[in-house]
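Only one structure is covered here, and it is reproduced in the block below.
Every number here is computed from the coordinates shown, using simple stated rules; none is lab data. Quantities reported herein were computed from a predicted structural model and do not represent experimental measurements. Here Cβ is always computed from backbone atoms with ideal geometry, including for glycine, and neighbour counts include all displayed protein chains.
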Amino acid sequence: MSDVTATSVTAERFRLIDQAGELKAIMKTKQNEPVLQFMDDEHQVRFEVKLENDWPILTMSSGDDQTEIQFGMVDGKPSLFFNDGKGAMRMGIALSKPDGAPRLVILDQHEQPRFALVQDTDGTPRVIATDQVGGKYKLMWFAAQKPPASNPD
């Protein structure tokens with residue numbers, strides 16, 4: 001194969017192959033958004049960098065089309081999501097949309113929130129659990145405490 005030199009190349013898709021001609025990476029657009037995918041030896045996408053709704057997203061996969069880890073920006077805030085082997089989101093760590101307060105949410109196999117550690121917009125930390133029918137239980141709820149009254153003597 002000969003070298004090609006150019007100052008600009010325009011294409012709808014770029015394919016990177018190894019010396020044996022095996023596909024290793026592809027750069028393309030999907031729904032008018034840029035996507036860069038890296039493949040394993042079985043041609044399964046294992047690592048992907050893309051823009052989705054103008055949000056940057058980095059995805060690492062086990063190679064069986066079930067996303068395992070996804071890191072990105074959602075509503076301008078960093079987020080990290082973990083999926084099980086069936087593709088269901090099971091845990092998320094993110095900063096909230098309004099003020100950037102930290103949140104950790106654990107979900108069941110049906111992607112229903114079951115446990116959460118959150119910080120309210122006023123800084124109050126909360127620990128919440130949810131049962132199978134959606135009932136919420138406040139396990140810990142910290143409220144601001146007033147300082148003790150001063151002793152006038």
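Restricting the calculation to alpha carbons of the range 83-124 gives Rg and Dmax of 11.7, 37 angstrom. Spin-label model, E22 to Q132: label points 7 Å out along the Cα-to-beta-carbon direction sit 4.6 nm apart.
Please report the equivalent ellipsoid semi-axes of the range 11-53, computed as sqrt(5 x eigenvalue) of the Cα gyration tensor, largest first, in whole Å. Before the final figure, lay out the partial values.
Working: eigenvalues 82, 29, 7 Å².
The three semi-axes for the range 11-53 are 20, 12, 6 Å.
Applying the Karplus relation 6.51 cos²θ - 1.76 cosθ + 1.60 with θ = phi - 60° to the range 42-54 yields 3J(HN,Hα) values of 9, 6, 8, 5, 10, 8, 9, 10, 8, 10, 9, 6, 6 Hz, where x marks Gly and Pro.
In debye, nearest 20: dipole of the range 11-53 around its Cα centre with unit charges on the Cβ of K, R (+) and D, E (-)?
Using only the charged Cβ atoms, the result is roughly 200 debye.
With N as its number of residues, the chain has a Cα radius of gyration that, divided by 2.2 N^0.38 Å, comes to 1.55.
The relative contact order of the range 11-53, computed from alpha carbon pairs under 8 Å that lie at least 6 residues apart in sequence, is 27 percent. Each residue, L58 and F38, gets one label point 7 Å from its Cα in the Cβ direction; the gap between the two is 1.0 nm.
Over all other residues within a Cβ to Cβ distance under 12 Å of Q119, the charged ones net out to -1, with Lys and Arg as +1 and Asp and Glu as -1. The mean sequence distance of close C-alpha pairs (under 8 Å, at least 6 residues apart), as a share of the length of the chain, puts its relative contact order at 8 percent.
Distance between the 7 Å Cα→Cβ label points at D3 and I106: 5.6 nm. Placing a label point 7 Å from the Cα of A11 along the Cα-to-Cβ direction, the residues of the range 32-71 with a backbone N closer than 16 Å are 35-39.
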